[in-house]
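Structure record follows, encoded as structure tokens.
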2 protein chains.
Amino acid sequence: MNKKLLAAGAALVLGAGFSLSALAQAKPDVMVKQRQAAMTLQGKYFGPLAGMAQGKVPFNANVVARNAEFLGALSQMPWDGFDASTSGVKSAALPAIWNDMAKFKSAQELLQGNVAKLVAASKGGNEGAIKAAIGDVGKSCGGCHDNFREKKQ
Amino acid sequence: MNKKLLAAGAALVLGAGFSLSALAQAKPDVMVKQRQAAMTLQGKYFGPLAGMAQGKVPFNANVVARNAEFLGALSQMPWDGFDASTSGVKSAALPAIWNDMAKFKSAQELLQGNVAKLVAASKGGNEGAIKAAIGDVGKSCGGCHDNFREKKQ
């Protein structure tokens with residue numbers, strides 16, 4: 001019963017931003033694998049859009065709309081995986097994440113906000129506006145990686 | 001220009017079920033990593049629901065609704081990663097996938113249909129119906145793994 005109360009309490013405290021790790025008590029290495037999976041898929045669905053914004057891939061409004069919707073879901077998925085319990089697991093995550101969680105959270109919200117704007121733009125049908133919105137999403141990815149992710153050598 | 005035409009043609013032929021691999025020309029090992037990422041996240045968001053249906057995790061309607069929505073997106077993500085070009089990449093995928101693509105596709109659609117039913121049930125608020133819908137999603141996972149995924153030793 002204690003465990004049940006604990007999980008229910010965690011859900012209440014966390015509200016809409018519930019932590020599945022609290023509910024499922026995922027192990028640190030599993031949480032790292034899951035958050036990396038979310039990043040991999042953000043890359044899968046953002047990559048072609050970045051290509052379109054840069055003129056390297058033919059613009060396709062249907063692909064943008066579909067991928068933007070996917071990114072709307074995916075951009076909510078990595079963050080509970082950056083639990084403090086994972087700070088010792090080998091990954092590209094920098095200690096800055098746990099040293100400045102407020103800044104890290106702002107970066108997440110910036111991405112989510114820009115993805116929401118991209119979803120809206122993708123329904124509007126204005127290619128220029130859509131490409132600008134893609135660019136803003138890309139900047140949010142980069143902004144977070146610059147501060148919180150180990151640079152590739 | 002040839003490449004552009006090719007990609008545009010692929011998008012036309014594939015229609016709504018567009019293949020990002022065709023657009024982005026992803027390498028086989030990247031496609032395997034991406035499809036495995038989608039499976040990992042389906043596990044992340046289905047796991048707690050399975051636990052609820054089995055009475056191992058306290059039932060939480062908000063978590064079910066949120067995870068069901070995520071699964072609605074995630075259950076569309078793995079399949080273009082099972083491109084024939086990946087059949088030589090080491091993974092748990094069985095040759096049956098490429099030998100009976102129609103059956104594999106039916107299994108995908110069964111999962112997607114059951115996830116859609118779970119999304120609907122999660123909005124209805126009937127705990128028994130929600131748990132039954134969770135059970136059906138679980139069966140669709142298992143049904144596909146039984147036929148198309150190497151058994152863990």
Discussion item. Could you go through the stretch B:74-90 and let me know if any residue there is crowded, with 17+ Cβ neighbours inside 10 Å and touching a strand residue (DSSP E or B) at 6+ places or on another chain (Cβ under 9 Å).
Written reply: yes
Discussion item. Six or more apart or on different chains, Cβ atoms under 6 Å: show the pairs whose first residue is in the stretch A:48-74 and free of Cβ contacts under 8 Å to residues at least 60 places away in the same chain and whose second is outside any helix (DSSP H, G or I).
Written reply: A:48/A:57; A:51/A:57; A:63/B:18
Worksheet entry | helices (runs of 4 or more DSSP H) contained entirely in the stretch B:1-109, each with at least 2 residues that are modelled with pLDDT of 95 or more, more than 30 Å from residue A:59 (Cα to Cα) and within 13 Å of another protein chain (Cβ to nearest Cβ) | B:28-53, B:61-74
Worksheet item: Conditions: (1) surrounded by fewer than 16 Cβ atoms within 10 Å (Cβ to Cβ); (2) more than 13 Å from residue B:68 (Cα to Cα). Residue B:123 meets all but one. Number of the miss?
Response: (2)
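The values are calculated or read from the model by the stated rules, or taken from the named source; none is laboratory data. Note that the coordinates shown come from a computational prediction; the quantities given were computed from them, not determined experimentally. We place every Cβ from the backbone using ideal geometry, glycine too, and count neighbours over all the protein chains shown.
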